[in-house]
Every structure is written in structure tokens, then in C-alpha cells.
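Enquirer: Quick one: this structure, given as C-alpha cells, is what I'll be asking you about.
Read-outs throughout are calculated quantities, based only on the coordinates presented, and are distinct from any laboratory measurement. What you see is a predicted model; the values in this text were computed from it and never measured. Heads up, the Cβs are rebuilt from the backbone with ideal geometry, glycines too, and the neighbour counts pull from every protein chain shown.
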Amino acid sequence: MDPLVKELKKLLAGGGAHVGLREATANIPFAALGEKPHDLPYSIWQLLEHIRIAQWDMLEFSKDAHHKSPEWPDGYWPKEAAPPDEKSWDKTLMQYEGDLKSFIELIQTRDLYEPIPHGTGQTLLRETLQIADHTAYHVAEIVVIRRLLGIWK
């Protein structure tokens with residue numbers, strides 16, 4: 001395997017310098033998912049949904065010339081502070097994982113440096129780094145919220 005692809009896969013899985021999304025979202029009491037401590041503008045649920053939507057958008061953009069991105073910013077954030085039920089939380093986690101797996105398959109089969117034909121100069125390498133950077137940023141916010149709620153290790 002290409003050493004760069006190997007490192008990108010590691011980065012997408014959460015890297016080595018911080019916790020990944022799986023660890024940050026493990027064992028959160030359902031009642032805490034919609035909490036916004038200290039008047040923060042978002043909850044853990046909203047952050048997870050935002051991460052999922054943004055990753056899905058970058059995946060679809062990377063492979064489909066006909067993909068239409070959601071309206072910014074409203075289309076990237078859920079309005080509800082909490083998921084309607086535990087099944088919705090689990091579904092979002094599964095969709096995130098499935099899209100991440102699809103994106104990893106994409107970077108293993110395509111040229112990372114070739115501009116995406118329907119883009120404006122973006123490459124698969126850029127999209128990969130953007131997904132990893134964006135996810136890491138919001139995972140850190142999830143950890144902070146968990147600390148503020150007293151539900152982080």
C-alpha cells in the first residue's frame with residue numbers, strides 16, 4: 001500500500017494525536033445528547049450530525065459530478081438539539097462509518113493529486129485532509145461538551 005494512503009487512512013480514523021470520533025461518542029447517556037452547557041450554540045447531537053453531513057457532502061462531491069451540496073450553513077446543521085430517539089443516534093453513527101469506509105475505498109483506488117473533473121481545482125488529497133481536519137475540530141468540541149457535562153473519562 002502507498003505510504004501516503006496508509007497515513008491518510010490512519011488520519012481519517014482519528015489520527016494518533018487525539019481521540020477519534022468513535023471514542024469521543026462512546027457511552028454517552030442518551031439524555032445528554034441534546035444538552036448545550038454554558039450556553040454553547042450546539043449539542044453533541046448537532047455536532048455529530050454536522051460531521052456526518054459534511055463528510056457525506058465531501059464524499060459525494062469527490063465521486064459524483066451531479067451531486068448538489070446542501071445550502072450553507074442551514075443544510076449542514078440539524079435544527080433539533082437532540083435526536084428523536086436512540087435509533088436515530090445509532091443510524092447517524094452507522095452512516096458516518098459507512099461514508100468513511102466508502103471514502104477510504106475511494107482514496108485507495110484513485111489518483112490523490114488529479115483535480116476532480118467537476119471541481120474548481122480540488123483534489124482527492126485536499127478532500128481527504130479537509131474531512132480529517134473538519135472531523136478532528138468538531139470531535140474536540142464533543143470532548144469539551146462531555147467534560148462540561150461531567151461525562152468524559
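Enquirer: With +1 on each Lys and Arg Cβ and -1 on each Asp and Glu Cβ, and nothing else charged, work out how big the dipole of the range 3-149 is about its Cα centre, in Debye to the nearest 20.
Expert: 340
Enquirer: Next question, about the same structure. Given the DSSP H assignment, sum -39500 (n - 2.57) over each helix run of at least 4 residues in the chain and divide by its residue total; what's the result at 222 nm in deg cm²/dmol, nearest 500?
Expert: Calculated at 222 nm, the ellipticity per residue is -18500 deg cm²/dmol.
Enquirer: Looking only at A132, A81, A65, which one moves most when the chain is put into a Gaussian network model with springs between Cα atoms under 10 Å?
Expert: Answer for the Gaussian network model of the chain: A65.
Enquirer: Quick one: net charge of P73's neighbours, Cβ under 14 Å, K/R +1, D/E -1?
Expert: My count for the surroundings of P73 gives -3.
Enquirer: Now for a different question. Give me the count of lysine pairs in the range 3-149 whose alpha carbons sit under 25 angstrom apart, restricted to pairs 8 or more positions apart or on different chains.
Expert: So the count works out to 20.
Enquirer: With springs only between Cα atoms under 10 Å apart, run a GNM on the chain and tell me which of D85, D57, D99 wobbles the most.
Expert: D85
Enquirer: Going by alpha carbons, how many degrees (0 to 90, nearest 10) lie between the helix axis of 44-63 and the longest principal axis of the chain?
Expert: It is inclined by approximately 10 degrees.
Enquirer: Specify which residue in the list M58, L125, G15 is farthest towards the positive end of the charge dipole of the chain, using unit charges on the beta carbon of Lys, Arg (+1) and Asp, Glu (-1), about the Cα centre.
Expert: So the residue we want is G15.
Enquirer: Going by how many other beta carbons lie within 10 Å of each one, how would you line up M94, M58, M1, fewest first?
Expert: The fewest-first ordering by Cβ neighbours comes to M1, M94, M58.
Enquirer: Each residue of the range 75-90 in turn: what ³J(HN,Hα) in whole Hz from Karplus with 6.51, -1.76, 1.60 and θ = phi - 60°, glycine and Pro shown as x?
Expert: Calculated HN-Hα couplings, in order: x, 9, 10, x, 6, 6, 6, 10, x, x, 6, 5, 4, 5, 4, 4 Hz.
Enquirer: Across the range 119-131, in residue order, what do the Karplus-derived ³J(HN,Hα) couplings come to in whole Hz, using 6.51 cos²θ - 1.76 cosθ + 1.60 with θ = phi - 60° and x for Gly and Pro?
Expert: Result, ordered by residue: x, 10, x, 5, 10, 5, 4, 4, 5, 4, 5, 5, 4 Hz.
Enquirer: If the elastic network links every pair of Cα atoms under 10 Å, which of I107, I28, I44 fluctuates the most in the Gaussian network model of the chain?
Expert: Maximum among the listed residues: I28.
Enquirer: Additional query: Can you work out ³J(HN,Hα) from phi for every residue in the range 136-148, in order, using Karplus 6.51 cos²θ - 1.76 cosθ + 1.60 and θ = phi - 60°, giving whole Hz and x for Gly and Pro?
Expert: Working through the residues one at a time gives 4, 4, 6, 4, 4, 5, 4, 4, 4, 4, 4, 5, 4 Hz.
Enquirer: Quick one: which residues, 5 or more positions from T123 or on another chain, have an amide H under 5 Å from its amide H? H modelled 1.01 Å from N in the peptide plane, none for Pro or chain starts.
Expert: It is I116, by chain and number.
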